[in-house]
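Just so it is clear, none of the values below were taken in a lab; they were calculated from the coordinates. Computed from a predicted model, the values in this text were never measured in an experiment. Cβ: placed from backbone, ideal geometry, glycine included. Neighbour counts: every protein chain shown.
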Amino acid sequence: MKQHPRLIEVLQRAESGQIMDEADFERNLLGPEIKKLVDTYGISYSGDEIINCDDDLADRVFQAALDLASVVGVFNQSTSRRMVWSREEIERDLKGAPSVASLGAGEQQFLISARKPDDRNRMSVLGGVVGIPFPEEMYVPLLLSFLNQNIFDSIDGPSLETAYGQPIKAGTGWEVLGAWREAELVQEALKIAGQPGRAVSAVELAPTAMGGLSGVTWGGYRTFDRHHIPMTSELKTNNDLLAITTHINNIGGVIGAYYNPIYGGHAGGAEGIAILAAAGLILSHQLTIGHTFCTRPTHPFYGCDTTPELLWATSLALQGLARNSNLMTAALAGPAGGPGTKTILYENAAFTLMALSSGTSELLASHSAGGAVPRHGSGLDARICAEIARSMEGLSREHANQLLKEIVPRYQDDLDKKPIGKSFEEVYNLDTIEPTPEWQGIYDEVREELIQMGLPLEQFNY
């Protein structure tokens, strides 16, 4: 048994906490507490800056997040019990959080490390569509569109629409078969690319614990892959997620936890989102005892995280955690734009500059077209993120903020137009796994615009 000593205590709290109605948890506890903390700590969004450059404000958000995490805790939907840790327990456990993680194997092995704002150390870049649904016949070509670029540290695949041509039904053998089919196709793509040790993310399609457990067993995904464990919005878990957590801890796997708060909901505006995002990652650490902790605050109408207020809130949350803990934070680029549009490239560029300068340990790129449109994702979508991350290490928040003031206006007015672009097969040749001349031309045009702004991207050849 390799489980962390705290795992038993997590499972006990899932069954012994205060019984509470879910609506009361959200409306009478979470919402009012966030509003109170925004006032108590003087968190204010003026709209003048797109990236936070105020260290004191970042530190206040971190303190507010500690308060929120200790007062509210996590709601277990399976038992209707509230799991709560004291502030002292949370601070103690944060000190024991790992600051380095190893993923992959052999020539594809790499390290993720905790970073600080304005850090010169390397930010890891994951390439993939992060669970966007794809048909089986496009699964391998889609993965190869990322793998063949050889610029990403790890890969995150799509969700399967079917398994061996059959619908995947949650909580049945079809879910188990879907998880195994996914692992099978991933290994096929890695073999074709000649990258057997490349870390991939698992299991994309796991609506219950059946998929999450079956796909991560002998012959499936490996311990050196990244194993996704989400927290449901807002601040919720369930016994299926806790079962997956238990299994991954026992096999010694690398856990990539994530939490995506909803803008305008119980958190309110940008100020509340900053506190809630930071608190959510802190509580994800309490729940999963994991390695990396990812956030993607989501706009309820645009489905993205690239509006000015969300870029500001995300930067503030990430900076607060980076300055005051060793958590290896991650951020998921979630553009409203899709493949074949300039919008997605501007959005991904802006998000990367924010994440890189804010001390993020890992960037996930990208949840194209809001992550909600089947087959709308491609390898070229995320390349702009990797080029920026590799060429601008040591980027200051002030410099990034000035660049975003040039980039954001280029896409901001398009966000409400649902610029989902084109499907994978419309922007890539599925035989050669190359972008169409049209999509490559759009990429090159935007890339040249960024070079004219001062981004040193001309060093990359492809």
Given (i) 20.6, 59; (ii) 25.6, 83; (iii) 23.2, 86 as possible values of Rg and Dmax of the Cα atoms in Å, the one from the coordinates is (i)
Would you report the distance distribution of C-alpha pairs in segment 157-300 as whole percents per 10 angstrom bin, up to the bin with the largest distance?
12, 37, 33, 15, 2
Projected onto the charge dipole of segment 356-462 (unit charges on the beta-carbon of Lys, Arg, Asp and Glu, signs +1, +1, -1, -1), the Cα from Leu380, Gly441, Leu430 with the largest positive-side position is that of Leu380
Simple label model, 7 Å out from Cα along Cβ direction - Ser99 to Glu425, nm
5.0 nm
Listing Trp439, Trp218, Trp312 from the residue with the fewest other Cβ atoms within 10 Å to the one with the most, what is the order?
Trp218, Trp439, Trp312
Can you tell which of Thr360, Phe301, Thr341 lies farthest toward the positive end of the dipole of segment 100-459, using +1 and -1 charges on the Cβ of basic and acidic side chains (Lys, Arg; Asp, Glu)?
Thr360
The size of the Cβ-based charge dipole (Lys, Arg +1; Asp, Glu -1) of the chain about the Cα centre, to the nearest 20 debye, is 1060 debye
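Could you tell me which of the pairs Lys191/Lys417; Lys116/Lys236; Lys36/Lys116 are separated by over 32 angstrom between their Cα atoms in the structure shown?
Cα-Cα > 32 Å for Lys191/Lys417; rest within.
In what order do Glu175, Glu347, Glu89, Glu362 fall by count of nearby beta-carbon atoms within 10 Å, going from fewest to most?
Listing Glu175, Glu347, Glu89, Glu362 from fewest to most nearby Cβ atoms yields Glu89, Glu175, Glu362, Glu347.
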What list of ³J(HN,Hα) couplings, whole Hz, do you get for segment 407-423 from phi and the Karplus terms 6.51, -1.76, 1.60, once you set θ to phi - 60° and write x for glycine and proline?
7, 4, x, 6, 10, 4, 6, 8, 4, 8, 9, 6, x, 6, x, 10, 6
When a footprinting reagent is the concern and you count Cβ atoms within 10 Å, what order do Tyr258, Tyr45 take, fewest first?
Tyr45, Tyr258
Dipole magnitude of segment 304-436 about its Cα centre (Cβ charges: Lys, Arg +1; Asp, Glu -1), debye to nearest 20:
220 debye
